[in-house]
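Notes for the one structure printed next.
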Amino acid sequence: MEKKNSLFLTIVAVAVLLAAVVGATFAYFGSFTTTVTNRAAVNVTTAEAKSSSFISTAAALSLSVSSSEMLKGTGSATSVGTYAGGNSNATLTASLTATDSTTTTTCTYDVMFAYDSTSAIYGSATTPVTSGTNNQEFVYTITSSAPTSLVIQNSYKNANSDFSTFKTATNETNAIKVASGTISAKNTTTTQTLSVNVKFYNFPTIDQTALASKTFSGKFYVNSTSVVCNTTA
């Protein structure tokens, strides 16, 4: 009986020790929570219980094309449309702040594009790509800042790419991945940026009335569920 009790106590002691080790390991690598879509936040707790955070802001775009800008005439193609905020450029930022001087915090994340639910969709049946514009009617460029760990997907690297590439991204459920990033910090703040420039062109000799009086709006944003962080000594 005494041997059995001794064996039982030994097993319990080992189980408690394993639980403690697992708990300590989890605490070391951090506890992560991600919230909201346009502004993704991840809170990280390191071994010394010093707070770190990952914050991203979305690059929102909204372009309205009036009927008067799409009239046929003469001359070369010109950039038209009214941008919300008066700027054809939008910038997504991802910042990681780590206050622990003894560990490095690293986060990976995905950048997506999705149209707003009320937006016209360029390339759809009701707002089609205009024949004869040689895929230069509604174009975009995407560039990233150093470090190069912010990687634009191969299919979105070309300058002046046709925006109809995103016609299936009708909402966040159908969002398209355009880039992925890896960001690290140790007792500092690291910031990465993704810059998006969009242009809409009127071709005076081509009928583009199907696109007149339309507003195209959407956003490039960090997918909050894609963010994964860890800390290393």
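Expressed as a whole percentage, what fraction of the accessible surface of segment 134-198 belongs to carbon and sulfur atoms when a 1.4 Å probe is rolled over the protein heavy atoms?
43
Could you tell me which of rounded, prolate or oblate describes segment 52-150, using a ≥ b ≥ c as the square roots of the eigenvalues of the alpha-carbon gyration tensor, with rounded for a/c under 1.5 and, failing that, prolate when a/b is larger than b/c and oblate otherwise?
Numbers: a/c = 2.92, a/b = 2.77, b/c = 1.05.
Prolate, since a/c reaches 1.5 and a/b exceeds b/c.
Pairs of lysine in segment 80-233 with Cα under 19 Å and at least 8 positions apart or on different chains: total?
Lysine pairs meeting both conditions in segment 80-233 amount to 11.
For segment 94-233, build the charge dipole from Cβ charges (+1 Lys, Arg; -1 Asp, Glu) around the Cα centre, then report which of 170, 123, 144 sits farthest towards its positive end.
So the residue furthest toward the plus end is 144.
At 7 Å along Cα-to-Cβ for each site, give me the label-to-label distance between residue 91 and residue 66 in nm.
In this crude label model, residue 91 to residue 66 measures out at 2.9 nm.
Where does each of 223-233, 118-128 land if you order them by average Cβ count within 10 Å, highest first? Walk me through the intermediate numbers first.
Values: 223-233: 16.8, 118-128: 15.1.
Top to bottom by mean Cβ count within 10 Å: 223-233, 118-128.
Measuring from a point 7 Å past the Cα of residue 124 along Cα-to-C-beta, which residues in segment 197-229 have an amide N at less than 16 Å?
Residues 210-219 fall inside that zone.
Charges at C-beta only: +1 for Lys and Arg, -1 for Asp and Glu. How large is the resulting dipole of segment 82-233 about its Cα centre, in Debye rounded to 20?
In total the dipole reaches around 120 debye.
How far is it, in nm, from the label point at residue 205 to the one at residue 232 when both lie 7 Å from their Cα along the line to the Cβ?
Between residue 205 and residue 232, the simple spin-label model gives 5.9 nm.
The values are calculated or read from the model by the stated rules, or taken from the named source; none is laboratory data. Everything quoted here is computed from the prediction, not taken from an experiment. Every residue, glycine among them, receives a Cβ derived from its backbone with ideal geometry; neighbour counts consider all protein chains shown. Surface accessibility is based on the protein's heavy atoms, side chains included, excluding ligands, DNA and RNA. Shrake-Rupley method; radii C 1.70, N 1.55, O 1.52, S 1.80 Å.
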